[in-house]
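Chemist: First the structure, which I've put down as structure tokens, then a few questions once you've had a look.
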Amino acid sequence: MSVDRATVRRIARLARIAIADEEVARLETELSGILDWVAQLDELDTSNVEPMTRVEAMTMKKREDVVTDGFCADDIVKNAPQVDDHYFVVPKIVE
Amino acid sequence: MTELTDLTIAEARKGLCDKSFSARELAQAHIEAIEAANAALNAYVLPTPEWALEMADASDARLAKGEGGALEGIPLGIKDLFCTRGVRTTACSHILDGFTPTYESTVTANLWAEGAVMLGKLNNDEFAMGSSNETSYYGVVANPWRREGSDATLVPGGSSGGSSAAVAARLCMGATATDTGGSIRQPAAFTGTVGLKPTYGRCSRWGIVAFASSLDQAGPIARSVRDAAILLKAMASHDPKDTTSADLPVPDFEAAVGQGVKGLTIGIPKEYRVPGMAPEIEALWQQGIEWLKAAGADIKEVSLPHTKYALPSYYIVAPAEASSNLARYDGVRYGLRETGSDVISMYENTREAGFGTEVKRRILIGTYVLSAGYYDAYYLKAQKVRTLIKRDFDQAFAGVDAILTPTTPGPAFALGEKSGDPVEMYLNDIFTVTVNMAGLPGISVPAGLSSEGTPLGLQLIGRAFDEETLFRTAQVIEAAAGPLAKPADWWSKAA
């Protein structure tokens, strides 16, 4: 197994996904299966290969540093599950 | 008389110009087809008949004045990954419950600017993660095609399964779709339709729900190569709002259709002859080679030695980018919220309830490969393998104009047949995923029927930004294969 149950729980915590105890065993098998399968990449020596960052050589586009959008607070909060005026409401963070 | 819903986009365009029928009549015919079919096929997650009629009336007004865009009055379906202003967009995920965008994706805005009519939002695998449309929160989509002598439901492919099923069943004249590892081409192959994934950067990604940003591309699914070319012309543009959008002129793709393949050299990659390949897939591929030869193309064997590493490296890159993109669904700004004792448990409970099994699996894999100490071993390694895959293609394209392969390892499978083992499902994308990893354009064109009487597709892969050669070559295969019979209508309930 590439990942054990403690690792599944740690990863789920990092990903902010609650998982039930009975799911941990299933995920341990599935995630290990996928990671074992991708391990075939170890056959390749990539020590002198650059990582791919773009399809075609292309210069990063830049624009003038000016405001192009905004002043639409109503639109921004329109789909929020809980709002107060133009604020998103979340459970209390600071006591 | 031919039913209005059977027309191609090119034929409908002519009929609208000649005033043989109105845009309203054309929209109405499709609305009725959707009403009769959707209970059985589930291709649409949200039909929008009022929008369609309003847009069609506006098209009729423009056509009456002799005006109108390239798609004036043409009714289309829109994959639920494209944000549509004022129309619910969920990526077929529970976590985006009720999300109604206040903005329009660039691709759909381009279509409406050309006069296209929206029939509704189409089903897809949740966040486009799947190859069978079985992961949608809104339920599975039925392929209009069935095996000969069987009434078992087959999958329409995925993730653009609603798009492919709707186009095949005449519930729209064409559809938008997206392709991250094969999600346009594989469903097109499974439904006897034409699907094109453009070069990365050809269509703007702005306003499309993101899955894996370095791989995602929008493209069309249609019933003919010409229709796919007409749609891509309208969908593509340079968009300053997407920094990866290519600042290049958009060619008249339709002009390439019918130019033939005389003088072109087509590559056949030997590594695509995978062990255990079905004899009928092998035979179909050989048939495609013969057709192109007969039409005047030269055939040449090419080598793409890193092919077998494309899928495993994809299953690092795509989940890694997905885990990052999907971090935004936290129950704060839109969609679903579940309660929790504090803010962290609110996030955790929301994401637990909102994401389906496959999406969670990919977020967890992605989180793992990006977690401290693993980045170099996984993500960086996979990005290096992409360089090798791209290099293979660059070397092959030094001597050929396009590459011919099968689109899928087999025909459409039945519901539930491959959903037990994630890796087995992933293997469905073995021939399509290399194209995304290298950022190249690819098209799937129907080429015949399987021994089960269901469609099979051939794929053509092109040089970056050379979709025109794909349209030219695909049209030759389309003409040689002849029109595919329309699937027998078992899905419409009596009016």
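Chemist: Using θ = phi - 60° and the Karplus curve 6.51 cos²θ - 1.76 cosθ + 1.60, what whole-Hz ³J(HN,Hα) does each residue of region B:472-481 get, with Gly and Pro shown as x?
Modeler: Computed from phi, the couplings for region B:472-481 are 4, 6, 5, 5, 5, 5, 4, 5, 6, 6 Hz.
Chemist: Roughly speaking, what % of Cα-Cα pairs in the protein assembly as shown are separated by over 42 Å, rounded to a whole number?
Modeler: Cα-Cα pairs in the protein assembly as shown separated by more than 42 Å: 18 percent.
Chemist: At 222 nm, what value in deg cm²/dmol follows for chain B if DSSP H runs of at least 4 each add -39500 (n - 2.57) and the sum is divided by all its residues, to the nearest 500?
Modeler: So the calculated ellipticity at 222 nm is -11500 deg cm²/dmol.
Chemist: Inverting the mean 1/r over all pairs of different Cα atoms, compute the Kirkwood radius of region B:278-338 and quote it in Å.
Modeler: 16.3 Å
Chemist: So, R0 is 56 Å and r is the distance between the beta-carbons of B:Asp376 and B:Ala39; what FRET efficiency does that work out to, to 0.05?
Modeler: 0.65
Chemist: Also, I was wondering about something else. Taking R0 as 56 Å, what's the FRET efficiency between B:Lys65 and A:Leu14 from their Cβ-Cβ distance, rounded to 0.05?
Modeler: Approximately 0.45, to the nearest 0.05.
Chemist: Starting from the Cα of B:Asp421, move 7 Å in the Cα-to-Cβ direction to define the label point; list residues of region B:291-334 whose amide nitrogen is under 12 Å from there.
Modeler: none
Chemist: I would also like to ask the following. Arrange the following residues from fewest to most other Cβ atoms within 10 Å of their Cβ: A:Leu35, B:Leu196, B:Leu71, A:Leu14.
Modeler: A:Leu14, A:Leu35, B:Leu71, B:Leu196
Chemist: Another one. Give the order of B:Val225, B:Val250, A:Val55 when sorted by the count of other beta carbons within 10 angstrom, beginning with the fewest.
Modeler: Fewest-to-most ranking of B:Val225, B:Val250, A:Val55: B:Val250, A:Val55, B:Val225.
Chemist: Pull up the cross-link candidates among the lysines for B:Lys262, meaning alpha carbon to alpha carbon under 17 Å and not fewer than 8 places away within one chain.
Modeler: Candidates past the 8-residue exclusion: B:Lys293, B:Lys300.
Chemist: I want the antiparallel fraction of DSSP beta bridges within the protein assembly as shown, as a percent rounded to 5.
Modeler: Antiparallel bridges make up about 70 percent of those DSSP assigns within the protein assembly as shown.
Chemist: Cα to Cα, under 17 Å, and not fewer than 8 places away if on the same chain: which lysines meet these conditions relative to B:Lys65?
Modeler: B:Lys14, B:Lys19
Chemist: Continuing with this model, one more query. Mean-square fluctuation check for chain A, GNM, Cα pairs under 10 Å: which of A:Ala15, A:Ala73, A:Ala39 is largest?
Modeler: Fluctuation is largest for A:Ala73.
Chemist: Counting other beta carbons within 10 Å of each residue's own, what order do B:Ser93, B:Ser345, B:Ser150 fall into, fewest first?
Modeler: Listed from fewest to most nearby Cβ atoms, that is B:Ser150, B:Ser345, B:Ser93.
Chemist: When only C-alpha pairs under 8 Å and at least 6 residues apart count, what is the relative contact order of chain B, in percent?
Modeler: For chain B, the relative contact order is 18 percent.
Chemist: Just how far, in whole angstrom, is region B:186-253 from region A:29-95 if you go by their alpha carbon centroids?
Modeler: First find each Cα centre; the distance between them is then 21 Å.
Chemist: Taking all pairs of distinct Cα atoms, average 1/r, flip it, and tell me the Kirkwood hydrodynamic radius of chain B in Å to one decimal place.
Modeler: After inverting the mean inverse Cα-Cα distance, the result is 22.4 Å.
No lab work stands behind these numbers, since they all come straight from the coordinates. Remember, it's a predicted structure, so these values are computed and weren't measured experimentally. Reconstructed Cβ throughout: ideal geometry from the backbone, glycine too, with neighbour counts over all protein chains shown.
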